[in-house]
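Here is the structure we will look at.
Please treat every number below as a calculation from the coordinates, not as lab data. Everything numeric here is computed off the predicted structure, so don't read it as measured data. Ideal geometry is used to build each Cβ from the backbone, glycine not excepted, and the neighbour counts take in all protein chains shown.
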């Protein structure tokens, strides 16, 4: 399984905070996004936002990234703390 | 009268904290220094230190400066607070 | 306690944070700290309160990385970051950054660096309750610019 | 209290200074402060205590001028300088500088500016009691350099 986490405004836009996705054919972050859009066509707007950031296992990743069973992948908008 | 104030290391070197000098022929800061050196020849070393700073009536002055009766003139080494 | 972080709902006491930062220390000539507070106006909107969300697990990891990076760049004796989450109101304290060093330029630079990186790296998000409704705070381009100046 | 200075023998309480700086304020999103302390080593000499002398009258005037200059350069809401004089021991607090602003870059810059100018302009002198006897602290060229960068 891959644990997927949506945070902040993205969580509200998708109406989902977390979901578990079977690894299946998902080998990379790009595969995961494709899978998520196929399962939920209404997510394409929010999930295609070019400003979205991604983290795998609590570390930022840029571009594509290899995923493994048990990974936690998070998608979120630019951060605004401090 | 002109009130003359020596501070910090300079006060210790001269062995004097304050003195009042009659205005007389003293028209400028340079005149005052000349007067002080004539009165106390042993002060020439400490008073000639090129790093010494001067203030007239609590404001820094650079170079020569016109003095008036009642002025307070201070001489002191570079500051080291904070 | 020399280098530590905290993410918490409860408020922090600046006097106590300061006291713990310098406790038992005789070398730290310079202490710099920053406190960020909820202000009543943001982007011309009147703010009544805000909710601060974060990404538990990643937040702590990123704050620790930022602290480690500051330690590697400057000669620091101690440093601490405290960031609140949850519901906050106008004038409430949001974030505390404290740094001690032998020299003040190190303490000042490290404190600014910590704030700039926290603002652009740590996974916190603010949602403000304003006169115009609840609005997510947008990324601040000034913060992005401020963090870029630290690139080696 | 928005902009104030104090020259005093008694110690100051950082928590209280902070509280007074932000009291009743809802606009100051950023608070920066600096505390300078007596450290146990200075120029490789072990310091036991120091006496801090100043030039009463001129000190207050210069500190007020430095504060006015900071107000003219940055958008500040409040600022305070407290400087102690007299006998001080290792770990004692010497100076407090606190600045509040809407924006953190203003608060950071103003606090650094205040310290740099205080160090090179305000008529204070430190005499350290060290293992090698009582020694007047020499002017620090780094402080002079730090203050020059603010020249407009």
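At-a-glance table
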{"read-out": "FRET E, pair residue B:44, residue C:23, Förster distance 41 Å, beta-carbon r, rounded to 0.05", "value": "0.20"}
{"read-out": "Estimated 222 nm signal from helices in chain D, with DSSP H stretches of n ≥ 4 weighted -39500 (n - 2.57), rounded to 500", "value": "-10500 deg cm²/dmol"}
{"read-out": "Extension gain, residue C:43 back to residue C:87 (0.36 nm per residue minus Cα-Cα distance, nm)", "value": "13.8 nm"}
{"read-out": "Other-copy label distances relative to residue D:2, 7 angstrom Cα-Cβ extension, nm", "value": "4.4"}
{"read-out": "Protection proxy ranking, peptides B:37-45, C:101-109, average beta carbon neighbours within 10 Å, highest first", "value": "C:101-109, B:37-45"}
{"read-out": "Computed over chain D: relative contact order in percent, which uses C-alpha pairs under 8 Å that are six or more apart", "value": "33 percent"}
{"read-out": "At q = 0.12 Å⁻¹, base-10 log of I(q)/I(0) for region C:3-148 (Debye sum, equal scatterers on each alpha carbon)", "value": "-0.50"}
{"read-out": "Copy-to-copy label separations for residue D:73, where each label sits 7 Å from Cα toward Cβ, in nm and ascending", "value": "2.1"}
{"read-out": "Using a Förster distance of 35 Å, the FRET efficiency for residue D:72-residue B:37 (Cβ separation, nearest 0.05)", "value": "0.30"}
{"read-out": "Segments C:67-77, D:55-65 sorted - mean Cβ within 10 Å per residue, highest first", "value": "D:55-65, C:67-77"}
{"read-out": "Packing rank of A:69-81, A:16-28, where each peptide gets the mean count of other beta carbons within 10 Å, highest leading", "value": "A:69-81, A:16-28"}
{"read-out": "FRET efficiency, 1/(1 + (r/R0)^6) with R0 22 Å, evaluated for residue A:72 and residue C:64 via beta carbons", "value": "0.80"}
{"read-out": "Average other protein chain Cβ within 10 Å of Cβ, residues D:22-32", "value": "6"}
{"read-out": "Average beta carbon contacts from partner chains per residue of D:116-127, 10 Å cutoff", "value": "5"}
{"read-out": "Residue mean of other protein chain beta carbons inside 10 Å, D:56-63", "value": "4"}
{"read-out": "Copies compared at residue C:131 - label distances in nm, ascending, label defined 7 Å from Cα in the Cβ direction", "value": "6.5"}
